[in-house]
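The values are calculated or read from the model by the stated rules, or taken from the named source; none is laboratory data. Remember, predicted model here, so these are calculated numbers, not experimental data. Methodologically, a virtual Cβ is constructed for each residue, glycine included, from the backbone with ideal geometry; neighbour enumeration extends over all protein chains shown.
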Amino acid sequence: MFVGEAPGEQEDLTGTPFVGRAGQLLDKFLYAVDIERKNVYIANILKCRPPKNRDPLPAEEDACIDFLREQVRLVRPKVIVCLGRIAAMRLIKPDYKITQEHGTWVEKGDFAMTAVFHPAALLRDPRRKEDMLNDMKAIKKRLDESEREFEKSRQKAASMVASAKASSDYILEQMDKIKKAKD
Ligand code: URA
């Protein structure tokens, strides 16, 4: 799951997050590290565009945060990536410093969180694109690891079900034999 700041103009018009210029750059990074956009859920802290794209006000974030909580509850992501400092300050810690702390990981219960530069910041300062690519590679690695963990648990559960079925088949067979011997 990726979480941005607030819809921009294009996002407000289409109702889809990250479809404007910043979104197109995000798509390039997803493509570069082999993450399909259809496999990630993208949300924003604010659900409406602030006037003239100014930073969200704390009261606006407060008004929207329960919607994001519900999105997280429904999606149950293994990894949450904050896109930019506004999301990182709201979701990781209020004094988050994106320039110094981007790409670091925080474990929070069922998921891990990290933050990367906001794609709009990369449009303004392309020198940060290399850092972004490295952070995105680490995110892909983490997603692959959690995919492998999930597959391992799935196989373990399948083998437990198979052995429970074998035990119950055996018991039924024995009971059948006992019944036949009695008759
Ligand atoms: N910037 C954001 O933070 N979110 C969007 O959806 C688009 C641009």
Quiz item: Restricting the first residue to segment 73-90 and requiring it to be without any contact (Cβ under 8 Å) to a residue 40 or more places away in the chain and among the hydrophobic types (A, V, I, L, M, F, W, C), which pairs with a second residue that is away from the ligand (no atom under 12 Å from the Cβ) and not in a helix (DSSP H, G or I) meet a Cβ separation below 7 Å and a spacing of at least six or different chains?
Solution: 88/96; 88/115; 89/96
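Every residue, every condition in (1) surrounded by 10 or more Cβ atoms within 10 Å (Cβ to Cβ); (2) of a type in the set (Phe, Trp, Tyr); (3) at pLDDT 95 or above; (4) not in a helix (DSSP H, G or I), yes or no:
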| position | (1), (2), (3), (4) |
| --- | --- |
| 136 | yes, no, yes, no |
| 139 | yes, no, yes, no |
| 143 | yes, no, yes, no |
| 147 | yes, no, no, no |
| 150 | yes, yes, no, no |
| 157 | yes, no, yes, no |
| 164 | yes, no, yes, no |
Quiz item: In segment 15-29, which residue that is farther than 22 Å from residue 126 by Cβ and near the ligand (Cβ under 10 Å from one of its atoms) is farthest from the chain's Cα centre (by Cα)?
Solution: 16
Quiz item: Do any residues in segment 30-51 that are near the ligand (Cβ under 10 Å from one of its atoms) have Cβ atoms under 6 Å from those of residues that are modelled with pLDDT under 95, where the two are at least six apart or on different chains, and which pairs are they?
Solution: 49/12
Quiz prompt | Per-region count, segment 56-77, residues buried (at least 16 other Cβ atoms within 10 Å of the Cβ) and either away from the ligand (no atom under 16 Å from the Cβ) or closer than 22 Å to residue 123 by Cβ (or both) | solution = 3
Quiz item: From the list 183, 144, 169, which one is without any contact (Cβ under 8 Å) to a residue 60 or more places away in the chain and under 25 Å from the mean Cα position of the chain (by Cα)?
Solution: 144
Quiz item: Which residues, taken from segment 8-29, are without any contact (Cβ under 8 Å) to a residue 60 or more places away in the chain and within 18 Å of residue 88 (Cβ to Cβ)?
Solution: 17
